[in-house]
Each structure stands twice: as structure tokens, then as C-alpha cells.
Amino acid sequence: VRDAAALGIGALEDDAPADATLALLGALAAEPDPAARAHLLFDLGRLATDDALAALPAALASDHPADRTGACLGLANAALRGRAPEASLIRRASARVRDDASPEVRRACAHALARVPTPADATDAQSI
């Protein structure tokens with residue numbers, strides 16, 4: 001039920017209520033199940049607000065592969081919504097493509113990198 005509710009909120013995208021991001025962030029903080037957290041991160045990316053994107057770096061650094069997968073899929077969703085994430089987040093996802101032990105995480109991060117625009121700064125672009 002929690003997953004379906006998060007999916008419904010994320011699907012609203014621009015039509016989501018103003019407090020939708022805060023609701024998903026609260027659910028993320030309280031959620032013990034890694035798979036459910038991954039879905040929340042995916043949906044936060046669909047909302048693509050600044051606060052939603054701010055949750056992705058910590059999830060990308062998580063010890064749990066589901067969190068890292070969710071963070072990369074959230075990054076991909078935000079990019080598809082036209083959000084250009086910070087270069088540091090793109091670098092973290094790029095490092096996960098190369099170094100993560102989980103094939104699912106590597107695949108999700110590659111998916112995200114294929115959707116983010118190339119950074120305008122040449123140094124940032126070369127570091128990916």
C-alpha cells in the first residue's frame with residue numbers, strides 16, 4: 001500500500017500538492033524496508049524538487065543496494081523532467097557504474113547517466 005501511495009504522489013509530478021515532497025521525505029526517513037525506500041526515491045525523482053533531489057546523495061552512499069538503485073532511478077527521473085543535477089551527484093553515479101558490487105546498482109546508475117545532460121563545465125564533463 002505504501003508503494004502504491006508513493007507511486008501515486010510521484011505520478012502527479014508538476015500537479016503534486018506543495019507538501020508532496022515533504023510527505024515522501026518523511027515516509028523515506030521512517031521506512032525500514034529497503035525496497036520501499038527505493039520506490040520512494042524513484043518517486044522523489046519524479047517530483048524533481050530541490051528538496052527531493054537533496055535526498056539522493058545520502059541514498060547513493062547507502063550500504064544497501066536497493067537505496068543506491070532507487071537513488072539512481074530517482075536521478076534518471078529528475079533528468080527526464082528536465083532537472084540538471086549537480087555535477088557532484090553525477091560523479092557519484094558515474095563512480096557507482098564502475099565500482100558498485102551490485103549489477104542492479106550499476107545498471108540503474110548507467111540508466112541515469114544516459115539521461116542527464118552533459119555538464120556545461122568541461123572539467124565536470126571530463127570527470128564523469
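Computed values, structure above
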| quantity | calculated |
| --- | --- |
| Pairs with Cβ under 6 Å, 6+ apart, first in the stretch 40-58 and within 16 Å of Arg115 (Cβ to Cβ), second surrounded by fewer than 22 Cβ atoms within 10 Å (Cβ to Cβ) and among the acidic types (Asp, Glu) | Arg46/Glu13 |
| Residue satisfying condition, being at pLDDT 90 or above, more than 12 Å from the chain's Cα centre (by Cα) and of a type in the set (Gly, Ala, Ser), within set Gly45, Gly26, Gly74 | Gly26 |
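The values are calculated or read from the model by the stated rules, or taken from the named source; none is laboratory data. Quantities reported herein were computed from a predicted structural model and do not represent experimental measurements. Backbone-built Cβ (ideal geometry, glycine too); neighbour counts: all protein chains shown.
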